[in-house]
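See below for the structure under consideration.
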Amino acid sequence: MLKLSANLSMLFSHLPWPQRFAAARAAGFEAVEIQFPYEHTVAQLQDWLNEHQLKLVLINAPAGDLMQGGSGLAGPPGKEAEFASGLQQCLHYATQLGVEAVNILPGRLAAGCKHAQALATLHANLLLAAGQLAQQHIRCTVEAINRFDMPGFLVSRVEELQQLPSHPNLYWQIDLYHMARMSEPLEALLATHWPRIGHLQFADCPGRGAPGSGALDFDKLFKQISSLPYPFWTGAEYRDSDGLMPWLPALLQMPPSELPAN
């Protein structure tokens, strides 16, 4: 199933935040994602969502210094209390806003930390998050990010996702861009592992731009996603400077059986 959501942290980035919601709805999206919503109050976000009849389907748990080049919160030993506190903040936002899924970013290997120690910490934090989110009927996802954009990232490949702990509420978040950067075979990944995927995202590769700006065959990929029993959202998360989406209108208008194929 292909259900499209717009990642407002990257799309319509030329607009102030309130206008991004309006732009997403005008483009035809019914759902949005926000990487880190915590600069806005719950009330602000709820007002913007209600005004434009949008559903917020995904947010990230707080990740500390990760986006500034640090190691984040989920992997470094010694930051367990900070991770747990961030998770509580995330739960407040997610439950109040009806969020379907919360993404945990594994982070980078911290300086002076052994890889095995970081993975052990990550595993414990993922189990904590998956359990607490399950109590609120919210999916917990964990995302693999390529090591070209984020050197030292703890989880970057499918085989590394497979080594994460098992929990009925712990899913993979698969961004086709990151997987393509790591030379993972996208069609085989989707065909084999779709039951483990709790959220999909996409951008073209190598530039992380809109579909059609790079080398990925999105006609084939969208057709495949549409044909799968995968029930969750597929988020557009690419670098966008003008909000123009020539790839989108035909896709929104076509029933799944008529999605383009090669």
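The values are calculated or read from the model by the stated rules, or taken from the named source; none is laboratory data. Predicted, not measured: the structure shown is a model, and the values here were computed from it. With ideal geometry, Cβ positions are generated from the backbone for all residues, glycine too; neighbour counts draw on all protein chains shown.
Cβ-Cβ distance below 8 Å, separation of 6 or more or different chains: which pairs start in the range 1-22 with a residue that is touching a residue at least 60 places away in the same chain (Cβ under 8 Å) and within 22 Å of residue 230 (Cβ to Cβ) and end on one that is of a type in the set (Lys, Arg) and surrounded by 20 or more Cβ atoms within 10 Å (Cβ to Cβ)?
11/20
Being closer than 21 Å to residue 61 by Cα, at pLDDT 95 or above and in contact with a Phe, Trp or Tyr (Cβ under 7 Å, 6 or more places away or on another chain): is that true of residue 155 here? Let's see the steps before the verdict.
Numbers: closer than 21 Å to residue 61 by Cα: yes; at pLDDT 95 or above: yes; in contact with a Phe, Trp or Tyr (Cβ under 7 Å, 6 or more places away or on another chain): no.
Considered against the rule, which asks whether it is closer than 21 Å to residue 61 by Cα, at pLDDT 95 or above and in contact with a Phe, Trp or Tyr (Cβ under 7 Å, 6 or more places away or on another chain), residue 155 comes out as no.
Pick out, from the range 125-236, the strands (runs of 3 or more DSSP E) lying fully within it that include 2 or more residues that are more than 28 Å from residue 85 (Cβ to Cβ).
Details: elements: 139-143, 170-175, 197-202, 233-236.
Filter on the range 125-236 gives 197-202, 233-236.
Considering only the range 152-183, how many residues are in contact with a strand residue (DSSP E or B) (Cβ under 8 Å, 6 or more places away or on another chain) and either buried (at least 18 other Cβ atoms within 10 Å of the Cβ) or at negative phi (or both)? Step through it out loud before you land on a result.
Kept after step one, since they are in contact with a strand residue (DSSP E or B) (Cβ under 8 Å, 6 or more places away or on another chain), are these residues of the range 152-183: 152-155, 161, 164, 167, 169-178.
Still in the list and also either buried (at least 18 other Cβ atoms within 10 Å of the Cβ) or at negative phi (or both): 153-155, 161, 164, 167, 169-178.
So the answer is 16.
Please find, within the range 189-239, the residue that is surrounded by the fewest Cβ atoms within 10 Å (Cβ to Cβ) out of those that are within 14 Å of the chain's Cα centre (by Cα) and β-branched (Val, Ile, Thr).
197
How many of the residues in the range 125-146 are acidic (Asp, Glu) and surrounded by 23 or more Cβ atoms within 10 Å (Cβ to Cβ)?
Applying the first criterion (acidic (Asp, Glu)) to the range 125-146 yields 143.
Checking the rest, the ones that are also surrounded by 23 or more Cβ atoms within 10 Å (Cβ to Cβ) come to none.
Residues meeting the conditions: 0.
Kindly indicate whether residue 110 is over 21 Å from residue 173 (Cβ atoms), among the small types (Gly, Ala, Ser) and touching a helix residue (DSSP H, G or I) at 6+ places or on another chain (Cβ under 8 Å). Walk me through it before giving the result.
Numbers: over 21 Å from residue 173 (Cβ atoms): yes; among the small types (Gly, Ala, Ser): yes; touching a helix residue (DSSP H, G or I) at 6+ places or on another chain (Cβ under 8 Å): yes.
Here the answer is yes, as residue 110 does meet what is asked.
If residue 82 satisfies every condition in (1) part of a loop (DSSP other than H, G, I, E, B); (2) over 23 Å from residue 148 (Cα atoms) but one, which is the exception?
(1)
Please verify whether residue 137 is closer than 23 Å to residue 97 by Cα and over 16 Å from the mean Cα position of the chain (by Cα), treating the condition exactly as stated.
Values: closer than 23 Å to residue 97 by Cα: yes; over 16 Å from the mean Cα position of the chain (by Cα): yes.
So residue 137 fits the description; yes.
Pairs, please: C-beta under 8 Å, at least 6 apart or cross-chain, first residue surrounded by 11 or more Cβ atoms within 10 Å (Cβ to Cβ) and in the range 245-259, second modelled with pLDDT of 70 or more and of a type in the set (Ser, Thr, Tyr)?
Hits for this filter: 256/226; 256/227; 259/226.
Considering only residues that are touching a helix residue (DSSP H, G or I) at 6+ places or on another chain (Cβ under 8 Å) and among the aliphatic types (A, V, I, L, M), look in the range 162-182 and name the one that is farthest from residue 105 (Cα to Cα).
Restricting to residues being touching a helix residue (DSSP H, G or I) at 6+ places or on another chain (Cβ under 8 Å) and among the aliphatic types (A, V, I, L, M), the top hit is 180.
Yes/no matrix, rows are residues, columns are (1) surrounded by fewer than 23 Cβ atoms within 10 Å (Cβ to Cβ); (2) not small (Gly, Ala, Ser):
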| residue | (1), (2) |
| --- | --- |
| 64 | yes, no |
| 67 | yes, yes |
| 73 | no, yes |
| 83 | no, yes |
| 92 | yes, yes |
| 97 | yes, yes |
| 116 | yes, no |
